[in-house]
Amino acid sequence: MPPSPQCRSGPVHGLGGAARIESGYSVLVGLVAEALAAFLLVMAYYALVVEEHTSRGVAGLGVGLAYGAAILGLAPITGASANFARTLGTDVSLAVGGGDAAWGDLWIYAVGPLVGGLVAIYVYDVLVAGKPLMAPTTRPVTPTAGPAAAHPA
């Protein structure tokens, strides 16, 4: 059986390697795609995990589905990393292993998720939850270990 086109092109293309901006897409499109992937991930996390309106199992499923949807929609453009560590790790592995790491695009995978995450925090806190920006949390912090946990106030 002949190898698929993805296997012939090497470890950089397809599902087997580093995230890259595909040819035909501009740097701006790649930046927006990475920001959108991070936006979806952080928005789902805030809505389902931080606010604690659902059980942990349902929250984990919802965050996973949001990330999966971001990957399915944006992977053809940038690989849908949404995580700088994932991109940096694969590029370092490629460089050490003799592959072709695209260090010039690395900043997109750092700036895009940062911007997308910050926008998601603003959108959720101010527009969805109706909280003023930078408002203190009203949820009490309960200690889980140490003397304070043994003798609650």
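Every number here is computed from the coordinates shown, using simple stated rules; none is lab data. Source: prediction; values computed, not measured. Virtual Cβ from ideal backbone geometry, glycine too; neighbours counted across all protein chains shown.
Listing for the model above:
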| quantity | calculated |
| --- | --- |
| Ranked by how many other beta carbons lie within 10 Å on average, peptides 86-93, 125-132 from highest | 86-93, 125-132 |
| Environment charge at Ala75 (Cβ cut-off 13 Å; Lys +1, Arg +1, Asp -1, Glu -1) | 0 |
| Rh by Kirkwood over Cα pairs, then Stokes-Einstein D for the range 29-107 at 1.306 mPa s and 10 °C, µm²/s | 116 µm²/s |
| Ranked packing of 75-82, 57-64, most packed first, by mean Cβ within 10 Å | 75-82, 57-64 |
